[in-house]
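Read the structure below first, then the notes.
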């Protein structure tokens, strides 16, 4: 299991408990128009405290079970407001393990390298603590900012997944990006 909190000079990454539901809801409400352009269609009760309390509870159970890790991102100078998240769905096929990475950042904090920094910190945890070195991201081809971030993280287009996501009530194509990290990129990689 990875750490529940990571801090560096600019950001704090934190696995949260249900009591953080008001902060998570606030992030989504502040960024509703931006996030809804590219995220799956949400249930009717998505913008409620109850939804996010339950979601945070499920996330924490999955974190303890080593199947999912979501770090909420805080600006170190503003520890009372969530500004984004980076998450990792962990999969094992029996032959290999990989994870799908997802990320989002408050529009007021974009274009500062914060999302890339948070993703890299999280990817290091996934490699070190879970022994996973393949990262995939499923991205709408129209989400240019997300594509640029995936490419900066070293992910390359892997395959088109036609009609595989429902966004704003429309079924759309998704591009899967992938990277397998190497010993030279991450010299502290444990031997398995």
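Only the coordinates and a few stated rules stand behind these numbers; no lab work does. Predicted, not measured: the structure shown is a model, and the values here were computed from it. Cβ sites come from the backbone with ideal geometry, for glycine too, and all protein chains shown count toward neighbours.
If one computes P(r) from the Cα atoms of segment 66-110, what percent of pairs lie at distances over 16 Å?
Counting pairs separated by more than 16 Å, the tail of P(r) holds 48 percent.
Tell me what the chain gives for mean residue ellipticity at 222 nm when only DSSP H runs of n ≥ 4 count, each as -39,500 (n - 2.57), the sum divided by the residue total, rounded to 500 deg cm²/dmol.
Value at 222 nm, helices only, nearest 500: -9000 deg cm²/dmol.
Under 10 Å, Cα contacts only: if you run a Gaussian network model on the chain, which one of 102, 84, 113 comes out with the highest mean-square fluctuation?
113
Fewest to most neighbouring Cβ within 10 Å: what's the order for 36, 59?
Fewest-to-most ranking of 36, 59: 36, 59.
Would you order 51, 103 from fewest to most other beta-carbon atoms within 10 Å of each residue's own beta-carbon? It would help to have the intermediate numbers written out before the result.
On the way: 51 18, 103 21.
Lowest count first: 51, 103.
One-quarter of the Cα convex hull surface for segment 117-173, in nm²?
Spelled out: convex hull of the Cα atoms, projected over all directions, averaged, 4.7 nm².
Restricting to bridges with both residues inside the chain, how much of the DSSP beta-bridge set is antiparallel, in percent to the nearest 5?
Details: 38 of 40 bridges.
Looking only at bridges with both residues in the chain, the antiparallel portion is about 95 percent.
If the elastic network links every pair of Cα atoms under 10 Å, which of 121, 29, 69 fluctuates the most in the Gaussian network model of the chain?
Largest GNM mean-square fluctuation: 29.
Could you check which residue among 20, 96, 150 shows the biggest mean-square fluctuation in a GNM of the chain with a 10 Å Cα cutoff?
Result for the chain, Cα springs under 10 Å: 96 fluctuates most.
Need one word for the chain: rounded, prolate or oblate. Basis is the Cα gyration tensor (sqrt eigenvalues a ≥ b ≥ c); a/c below 1.5 gives rounded, then a/b vs b/c decides.
On the way: a/c = 1.42, a/b = 1.14, b/c = 1.25.
The shape class here is rounded.
For the modelled label position 7 Å from the Cα of residue 10 along Cα-to-Cβ, which residues of segment 105-140 have backbone nitrogen atoms closer than 13 Å?
The answer is 109-121, whose backbone nitrogens lie closer than 13 Å to the label point.
Using Cβ contacts closer than 10 Å as the measure, can you line up 95, 33, 27 from fewest to most?
Ranked by crowding around the Cβ, least crowded first: 95, 33, 27.
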